[in-house]
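Here the structure comes first, spelled out in structure tokens, and everything after it is commentary.
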Amino acid sequence: MKKVLCWLIILACWGSLELISAENEKSKPDGIEDYEATKANQEADTWCRDEENDELEPLPINYKENYLLYTVSDSVDNRLDRELKFQISVQSRLFEKRWAPIVFYTQKSFWQVFDDREQDNGSRSSSSFREHNFNPGFYFNFNINKNLLMNLGYEHESNGEEDTTHDIYNTHPGRTINRSTNRLFVEGSINFSKAWDLYVKGIMWFALSEDNSDIGDYYGSWEARIRYNYRTKNKTGGYVSIWARKKAIQIDLVFRCYLNWYFQYWNGYGESLIDYDVPIVKHGFGALMFF
């Protein structure tokens, strides 16, 4: 029954995505090339100044990707290798001034929805969420020119757990599961053409939880991503990107066919905060949504 309910939820979400995509198609301006690639570029690094009117262009609601994925990973103790992973990420200006900070919030969740294993006490697992990562912050945007953008900001990330070792999905028995980080960052985006762009982020860690004080050894002090946006003759499109940091790599493939289909490959440390020092290989497939 749980599995049936799960797939009904997935189908409902994808149906909503299809309606949203259809509305976006209706509102597409004529004569604009690479529409899907333009939508794919609507992240924190893509709002800019209207040179002719000296006005602020609308800020995309998306900060990072918003998606729902069915994922399969290599074996990890105390958890199933199959789960649902989803991310919600939004941003907004505090007020309509060019120098105003932009606030954002990202939440990434991992749901062991297929876990109905029998426990030691004879009961069945409740298909719990094993981890949530909460990531609020703010940044200031600086436009060098239309092809070179830079942000300076602060972000917090934690999993909202108390200092406890009671967790059926804990990969570190006997250790607390509280994870918390704070960091300052500078990030830049360079658009080489309509098809290629490069993103680089520098990080300074501070005020770390004692339970993950060595997180910088696994995450490093930098992130980078290169992306290729493409468009086919039948007006579908998407992008391919490679993102990396010190001990992890992620490859994304997005293609549009009624929905924004999304394939994600992860290999390395720190897919979630609870696993910041655990290497994981994971494949995911699902849908990506643009607001």
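The values are calculated or read from the model by the stated rules, or taken from the named source; none is laboratory data. Since the structure is predicted, the reported quantities are computational estimates derived from the model, not experimental observations. Because the Cβ atoms are built from the backbone with ideal geometry, glycine has one as well, and the counts that use them run over all protein chains shown. Keep in mind that these areas ignore ligands, DNA and RNA; they rest on the heavy atoms of the full protein, side chains included. Shrake-Rupley method; radii C 1.70, N 1.55, O 1.52, S 1.80 Å.
Details
- Restricting attention to the range 58-98, the residues that are among the acidic types (Asp, Glu) and crowded, with 16+ Cβ neighbours inside 10 Å add up to 2.
- Failed condition for Ile144, given (1) within 16 Å of Asp277 (Cβ to Cβ); (2) at pLDDT below 80; (3) in a strand (DSSP E or B): (1)
- From Asn212, Asn178, residue being touching a Lys or Arg at 6+ places or on another chain (Cβ under 6 Å) and modelled with pLDDT under 95: Asn212
- Criterion applied to Tyr219, Tyr258 was being of a type outside the set (Gly, Ala, Ser) and at positive phi, and the one residue passing it is Tyr258.
- Of all residues in the range 216-258, those satisfying the criterion of being among the basic types (Lys, Arg) and open to solvent by 20 Å² or more (accessible area, probe 1.4 Å) are Arg225, Arg231, Lys233, Lys235, Arg245, Lys246, Lys247, Arg256.
- The residues in the range 64-90 that are more than 13 Å from the chain's Cα centre (by Cα), assigned to a strand (DSSP E or B) and among the polar types (S, T, N, Q) can be counted, and the count is 2.
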